[in-house]
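The block underneath contains the structure these notes are about, expressed in structure tokens.
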Amino acid sequence: MTDAFKQLVADEKGQVVLNAEHEIHYWTEHLGVDEACLRAAIGAVGNNAHDVRSYLAEKGRPRVAPPQAEVVPGNAAIPDPG
């Protein structure tokens, strides 16, 4: 399923649905939050996409943190391959 199709389906429904892995991936990427934050927002306001967006904006959405580089003493930072 293409990203454009997934977005179209999600936008048509107007609901944040997390029944499948691709839906979780779409909404976490689209909203810039991790799954736990997204589920907490849905728990607080329901699964209406507008309400979830508003809630996250009001609460200050915690962005998904980028991977941290491993610092080895005496060497330059080495990115964690995991």
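When you scan segment 29-52, how many residues do you find that are within 15 Å of the chain's Cα centre (by Cα) and not in a helix (DSSP H, G or I)?
Counting residues in segment 29-52 that are within 15 Å of the chain's Cα centre (by Cα) and not in a helix (DSSP H, G or I) gives 4.
Would you mention how many residues in segment 1-21 are at pLDDT 90 or above and in a helix (DSSP H, G or I)?
1
The values are calculated or read from the model by the stated rules, or taken from the named source; none is laboratory data. This structure is a prediction, so every number in the text was calculated from the model and none was measured.
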